[in-house]
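The values are calculated or read from the model by the stated rules, or taken from the named source; none is laboratory data. All values derive from a computational prediction rather than experimental measurement. A quick note on method: Cβ atoms are made from the backbone with ideal geometry, for glycine too, and the neighbour counts reach across all protein chains shown.
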Ligand SMILES: [Cu+2]
């Protein structure tokens, strides 16, 4: 039965229906607003830009160096346009005329939906707060609370569901906890951190920028 319910949770984890949300990115001066966004696979991005700005996908290396060479990905024309992102990855893009001024942004696409929603039925049993800062480099702070004493774990998974870090696994008394997380070996991208205690599970997304 335990394995069975675990499989159901895994199924929910990976197969929640796509919502197809539209996210708008605008600009204020030489800044994309927001300049870092996390969306679900299949979501739409509506770039609504002033006429002197465009958005061209580039490689991470090009992005890092404020370059403008397209990587063959999306190319939103001056004034804006719509893109639908179909790969689970972090997209890097720049405004070609203003990349030299640092006008650039990232869009991280995850296949997971509703990750900020708890799937447990008594939300007050455990509370997992959004990490801060997020995105982060090199470290971030994760706070959580457990209403009852018990065996508790806080683990980090990549977006394919592999455990990549175990931040805590022990008996905790009821209370509030804060952990500073400084991943040494993880590459840039989205990760999921999962709190489990007394049979309750809560998870949230975080983004590492190396
Ligand atoms: Cu621009």
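Pairs only if they're at least six apart or on different chains, beta carbon under 7 angstrom, first in region 54-79 and free of Cβ contacts under 8 Å to residues at least 12 places away in the same chain, second assigned to a strand (DSSP E or B); list them, first residue then second.
So the pair list comes out as 69/58.
Could you tell me whether any residue of region 71-79 is away from the ligand (no atom under 16 Å from the Cβ) and at pLDDT below 90?
no
Going by what's in this entry, would residue 57 be described as at pLDDT below 95 and more than 11 Å from the ligand (Cβ to nearest atom)?
No; evaluated as a whole, the condition is false for this residue.
Starting from residues that are in a strand (DSSP E or B) and touching a residue at least 60 places away in the same chain (Cβ under 8 Å), keep the ones in region 180-193 and report whichever is farthest from residue 88 (Cα to Cα).
Among them, the one singled out is 193.
Look through 84, 88 and report the one residue that is more than 16 Å from the ligand (Cβ to nearest atom), crowded, with 16+ Cβ neighbours inside 10 Å, modelled with pLDDT under 95 and under 19 Å from the mean Cα position of the chain (by Cα).
Details: 84 fails: crowded, with 16+ Cβ neighbours inside 10 Å.
Answer to the check: 88.
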